[in-house]
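Take a look at the structure set out below.
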Amino acid sequence: MDTIQNNAVATVHYTGTLPDSGEVFDSSEGRDPLVFLVGHRQMIPGFEEEMMGAKVGERRTFTLEPERAYGERQDENVTTFPREHFAAVEAEVPLEVGMTLVADMVDGPRPFSIVEVGDDTIKADFNHQLAGKSLMFSVEVVEVRAAEDAELSHGHVHGKGGVHH
C-alpha cells in the first residue's frame, strides 16, 4: 500500500502556518513524523480530505478555512467562573492571561485559556486556540501501510508513533 486511504496508517512530515502572518503554529521538523489512522477522526477533517490519494514521497500544500479545521470561534465557549474555583491552582502558580489549563468536564478533559483575571472572577475561553483561523499545511507522505485489525478495532495506531499497550 502506498496511497493514503481510509483505514491506512499514514506517516507524514508537516508544517502548519497561519497564512496571514506566515507564523508556524506546529511542525514535525526536527522531530519524528506524525503517524495517524486515516478515517478515524484523529486529524482535523480538512487535513485528511486534502491528503486522501496522496502517495509515498508526494508533497501537498493546502489551506483550510476554519470550517474545515477547528471551526469558527463561538462566544458561548467563553465563560466566567468565580476565582475561588481556582484556589488549588493559585496555591501552586499565579493565574495569568494567556495561561492554558485543563478542566475536568463531564465529557472528559477540556483545555481552556485564561482571557481575563479579575479580583473575584476568571474568564475562560474553551475555543480551540486555532478556531476561527485559516491554516496552511505543507505535508510530505513518508510511509503508508494497511492498518492491523487491532489498530482498527482500537481506533488508533500501535507501535512507533502510536499507542503502546
*Provide the packing ranking of 130-136, 7-13, i.e. peptides ordered by the mean count of other C-beta atoms within 10 Å per residue, highest first.*
7-13, 130-136
*For the chain, what is the calculated [θ] at 222 nm in deg cm²/dmol (nearest 500), taking -39500 (n - 2.57) for each run of four or more DSSP H residues and dividing by its residue count?*
-2000 deg cm²/dmol
_Expected-Rg normalisation [2.2 N^0.38 Å, Cα atoms] applied to the stretch 75-125_ = 1.07
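Loop only by DSSP, 12 or fewer other Cβ within 10 Å of the Cβ. Give me the trypsin sites (Lys or Arg not before Pro) in the stretch 1-110 that pass, ordered by residue number.
Arg31, Arg41
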*Given the options Val35, Val139, Val93, which has the most mean-square fluctuation in a GNM of the chain, springs set between C-alpha atoms less than 10 angstrom apart?*
Val93
_Filtered chymotrypsin sites (Phe, Trp or Tyr not before Pro), the stretch 72-165: DSSP coil and at most 16 other beta carbons within 10 Å_ = Phe126
*With labels modelled as points extended 7 Å from the Cα through the Cβ direction, what inter-label distance (nm, one decimal) is found for Asp26 paired with Met52?*
2.1 nm
*asked:* Within the stretch 60-80, name every residue whose backbone N is under 20 Å away from a label modeled 7 Å from Cα of Lys123 along the Cβ vector.
replied: 72-80
*Starting from the coordinates of the alpha-carbon atoms of the chain, obtain the Kirkwood hydrodynamic radius over all distinct pairs and give the value in Å to one decimal.*
18.1 Å
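FYI, it's all coordinate maths here, none of it is from the lab. This is a predicted model, so every value here is computed, not measured. We place every Cβ from the backbone using ideal geometry, glycine too, and count neighbours over all the protein chains shown.
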